[in-house]
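Accompanying notes for the structure given below.
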Amino acid sequence: MTVTVNGLDELKKLAGSDLGTSDWIEVTQDRIDTFADATGDHQWIHTDPEKAAQGPFGAPIAHGYLTLSLFIPLFTELLDVQGVTTKVNYGLDKVRFPSPVKVGSRIRLAATLASVDEVKGGVQIAVDGTVEIEDGTKPACVLRSLSRFYG
């Protein structure tokens, strides 16, 4: 369920809040191949299903940075900030990939709005996110994302 806030003052009140979990999305071979084409990273562990089936994971796996990039569409399911003029990614404080995402796996995001700090003209939020793998024992990705919202 999406949390919707209107303006920076409402966003500030959410600091420390659990934002819940997104819907599950499937990581398909087509998505992996499209990411490989966009980045030029065609390593066989991602793009050659036959060879990857004989590799260490028994199947192709998503690029770690593909998993990370899915943070944005998953996060937009959790928080909608309206009444601002600009929304920008500011960076990442920490990213880890504890477990690979095999092709055909489903992932979702669990997130907490860790902090909301004032910056010139707006606020910077820190979001602690965990990209979970359905039926997995370890997360695919653990991160702290920074974004800025300007009024």
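Mind checking the dipole of the range 24-132: about its Cα centre, +1 per Lys or Arg Cβ, -1 per Asp or Glu Cβ, Debye to the nearest 20?
Once rounded to the nearest 20, the dipole reads 160 debye.
Quote to one decimal, in nm, the extra length available between residue 119 and residue 96 on full extension: 0.36 nm per residue of separation minus the C-alpha distance between them.
Result for the pair: 5.6 nm of gain on full extension.
Before rounding to the nearest 500, sum -39500 (n - 2.57) across all DSSP H runs of length at least 4 in the chain and divide by the residue total; then give [θ] at 222 nm in deg cm²/dmol.
-5500 deg cm²/dmol
Between helix 29-39 and the chain, what is the angle of the helix's C-alpha long axis to the longest principal axis, kept within 0 to 90° and rounded to the nearest 10?
Orientation of helix 29-39: about 70 degrees from the principal axis.
If you take every DSSP beta bridge whose two residues both sit in the range 2-124, what share of them, in percent to the nearest 5, is antiparallel?
If we restrict to bridges inside the range 2-124, about 70 percent are antiparallel.
Any idea how far apart residue 17 and residue 144 come out in nm if each label point goes 7 Å out from Cα toward Cβ?
Taking the two extended label points, one gets 2.1 nm.
If you average the alpha carbon positions of the range 55-125 and of the range 31-49, how far apart do those two centres end up, in angstrom?
20 Å
Find the Rg to Rh ratio for the range 1-84, where Rh is the Kirkwood radius over alpha-carbon pairs and Rg uses the same atoms.
Here the Rg-to-Rh quotient is 1.17.
How much length, in nm to one decimal, is gained on full extension between residue 44 and residue 9, taken as 0.36 nm per residue of separation minus their Cα-Cα distance?
7.8 nm
Over all directions, the average projected area of the alpha-carbon convex hull for the range 45-151 comes to how many nm²?
For the range 45-151, the mean projected area of the Cα convex hull comes to 7.3 nm².
Please go through the residue pairs 12/94; 51/102; 12/138 and name each one whose alpha carbons sit more than 24 Å apart in this structure.
Over 24 Å apart, Cα to Cα: 12/138.
Relative contact order for the chain using alpha-carbon pairs under 8 Å, separation at least 6, rounded to a whole percent?
With pairs under 8 Å counted, the relative contact order is 31 percent.
For the chain, report the accessible area per residue in Å² (1.4 Å probe, heavy atoms, rounded to an integer).
Roughly 53 Å² per residue, with all protein chains present.
Using a 1.4 Å probe on the protein heavy atoms, what percent of the accessible area of the range 73-151 belongs to carbon and sulfur?
The nonpolar share, carbon plus sulfur, comes to 45 percent.
The values are calculated or read from the model by the stated rules, or taken from the named source; none is laboratory data. No experiment lies behind these values; they were computed from the predicted model shown. Glycine gets a Cβ as well: all are built from the backbone with ideal geometry, and neighbour counts include every protein chain shown. Areas reflect the complete protein model, heavy atoms only, side chains present, ligands, DNA and RNA absent. Shrake-Rupley method; radii C 1.70, N 1.55, O 1.52, S 1.80 Å.
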